[in-house]
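Dropping the structure in here first, questions after.
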Amino acid sequence: MTRTVAATRNVTGIPTGRLGVWWVLASETVIFGGLLGAYIMHRVGHPEWGDQAVHTNVWAGGFNTLVLLSSSLSAVLAHQAAERGNGARAAILLRLTAAGGATFLLVKAFEWTAEIGSGFTIGSNLFWSFYYTAAGLHGLHVLAGMVIMLFVAATAARNVELHRVENVGIYWHFVDIVWIFLFPLLYIAK
């Protein structure tokens, strides 16, 4: 497994790439934490939001939860393959993980098309503003993760920079954890 100097040299003993990913996730936690905290505060003060939440598609949200959790499993398996020096297998598993992300976004597109077609837009009321903002921001993170994952898969297929497989996996798990909070708050809590 080939590593660059920047990937192994640091004061903390933690590889630089992994440390960088954790710093990015710390800042993302602040962003999503603020958004979800504001949503919860408003939700507590507006019980009528339950009447709006009834119009979200729980089945689509539940299916997307299953898709993301399954894609996390393939990310873990990709990391295991990379640790064993099997870049080709890691690349296949990363592409499978990215396919899970694509499935998530496709389901989200159908879901939003139906909701917008029913008149539930970002401007309908504050609930839908939070819904589209939180789910949209999460969707952008899914898309970014897919792009990065496909880039890492391309290098992993050549058995190069295999340490990146772990880094992109850490990011993907964060995306899943955010959805684990969004799903019950936006879909289930009626």
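The values are calculated or read from the model by the stated rules, or taken from the named source; none is laboratory data. Because the structure is predicted, anything quoted here is derived from the model rather than measured. Every residue, glycine among them, receives a Cβ derived from its backbone with ideal geometry; neighbour counts consider all protein chains shown.
What pairs come up if the first residue lies in the stretch 162-188 and is in contact (Cβ under 8 Å) with a residue 24 or more places away in the chain and closer than 16 Å to Ala75 by Cα, the second is surrounded by fewer than 21 Cβ atoms within 10 Å (Cβ to Cβ) and hydrophobic (A, V, I, L, M, F, W, C), and their beta carbons are under 6 Å apart, counting only those six or more places apart or on different chains?
That search, which allows pairs on different chains as well, returns Leu162/Met1; His163/Ala7; Asn167/Val21; Val168/Ile148; Ile170/Val21; Tyr171/Val21; Phe174/Leu25.
What are the residues in the stretch 42-82 that are of a type in the set (A, V, I, L, M), without any contact (Cβ under 8 Å) to a residue 40 or more places away in the chain and under 24 Å from Glu115 (Cβ atoms), if any?
Val44, Leu66, listed by residue number.
So, one more: Being buried (at least 19 other Cβ atoms within 10 Å of the Cβ), under 26 Å from Ala157 (Cα atoms) and hydrophobic (A, V, I, L, M, F, W, C) is the filter here; which residues of the stretch 97-116 pass it?
Within the stretch 97-116, Ala98, Phe104 qualify.
A follow-up question, please. Does Phe151 meet the test of being in contact with a His (Cβ under 9 Å, 6 or more places away or on another chain) and not acidic (Asp, Glu)?
For Phe151, the condition - in contact with a His (Cβ under 9 Å, 6 or more places away or on another chain) and not acidic (Asp, Glu) - is not met.
Out of Thr121, Thr103, which single residue is among the β-branched types (Val, Ile, Thr), in contact with a helix residue (DSSP H, G or I) (Cβ under 6 Å, 6 or more places away or on another chain) and over 17 Å from Tyr187 (Cβ atoms)?
Thr103
For the condition modelled with pLDDT of 90 or more and loosely packed, with under 15 Cβ neighbours inside 10 Å, what is the one hit in Val24, Val11, Val67, Val54?
The match here is Val54.
So which residues in the stretch 24-52 are among the hydrophobic types (A, V, I, L, M, F, W, C) and under 22 Å from the mean Cα position of the chain (by Cα), if there are any at all?
If the condition is that a residue be among the hydrophobic types (A, V, I, L, M, F, W, C) and under 22 Å from the mean Cα position of the chain (by Cα), then Val24, Leu25, Ala26, Val30, Ile31, Phe32, Leu35, Leu36, Ala38, Ile40 are the ones that fit.
Among Thr113, Thr56, which is closer than 14 Å to Ala135 by Cβ and not in a helix (DSSP H, G or I)?
Thr56
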